[in-house]
């Protein structure tokens with residue numbers, strides 16, 4: 001079946017409509033043709049990222065994650081930096097602001113260090129991994145994460161596409177920044193930080 005005049009069939013190479021079909025393809029063109037599916041996927045990823053950023057700029061409802069319902073919970077995992085990496089970890093993302101003590105880059109085996117998405121130094125020092133301050137830390141850190149829509153959008157895209165392991169150094173596996181960040185990605189309910197509140 002032929003496409004209507006002036007339109008391309010779904011998988012038709014637009015170069016064929018520019019009179020280029022009568023010469024041999026270059027090696028580069030062959031590679032491009034073979035990666036057409038990947039290119040379309042990259043375009044979808046870019047649309048997702050722009051959509052996430054737009055929602056943040058327009059002041060979307062302040063739930064932790066307004067568009068993350070499409071992220072399967074199994075796609076977001078947590079692991080201490082001192083545990084050995086595994087093939088099932090998917091994309092390993094270090095989410096601490098400080099590099100884990102005593103861990104070499106080779107042993108950490110992280111694909112990316114998103115330290116700018118980690119808690120601010122002020123918040124981290126205030127929290128001090130004190131369980132009594134956990135709920136307030138969760139609220140304040142969630143607010144900080146929402147204030148970084150571009151980085152959050154990149155992480156959402158990775159989590160939609162496959163498994164992401166958030167790597168952290170804290171000994172407390174229940175009270176750390178990676179736990180909060182996972183809740184943000186999965187849209188789990190967390191209260192917003194109180195306006196005008198002080199760190200005491």
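The table that follows gives values for the structure above.
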read-out: Residue check, residue 194 at pLDDT below 95 and at negative phi; value: yes
read-out: Long-range neighbours under 8 Å by Cβ, at least six apart or interchain, first residue more than 20 Å from residue 116 (Cα to Cα) within region 126-144, second modelled with pLDDT of 95 or more and outside any helix (DSSP H, G or I); value: 131/172; 131/175; 134/175
read-out: Subset of region 161-176 that is in contact with a helix residue (DSSP H, G or I) (Cβ under 6 Å, 6 or more places away or on another chain) and over 20 Å from residue 98 (Cβ atoms) - its residue that is surrounded by the most Cβ atoms within 10 Å (Cβ to Cβ); value: 164
read-out: Test set (1) touching a helix residue (DSSP H, G or I) at 6+ places or on another chain (Cβ under 7 Å); (2) surrounded by 14 or more Cβ atoms within 10 Å (Cβ to Cβ); (3) within 21 Å of residue 81 (Cβ to Cβ) - residue 116 fails condition number; value: (2)
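Results for (1) under 14 Å from residue 178 (Cα atoms); (2) buried (at least 17 other Cβ atoms within 10 Å of the Cβ); (3) in contact with a helix residue (DSSP H, G or I) (Cβ under 6 Å, 6 or more places away or on another chain), shown as yes or no for each residue.
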position	(1), (2), (3)
90	no, yes, no
104	no, no, no
107	no, no, no
122	no, no, no
151	no, no, yes
155	yes, yes, no
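The values are calculated or read from the model by the stated rules, or taken from the named source; none is laboratory data. All figures in this text were calculated on a predicted structure; none of them were measured in a lab. All Cβ positions, glycine included, derive from the backbone under ideal geometry; neighbour counts span all protein chains shown.
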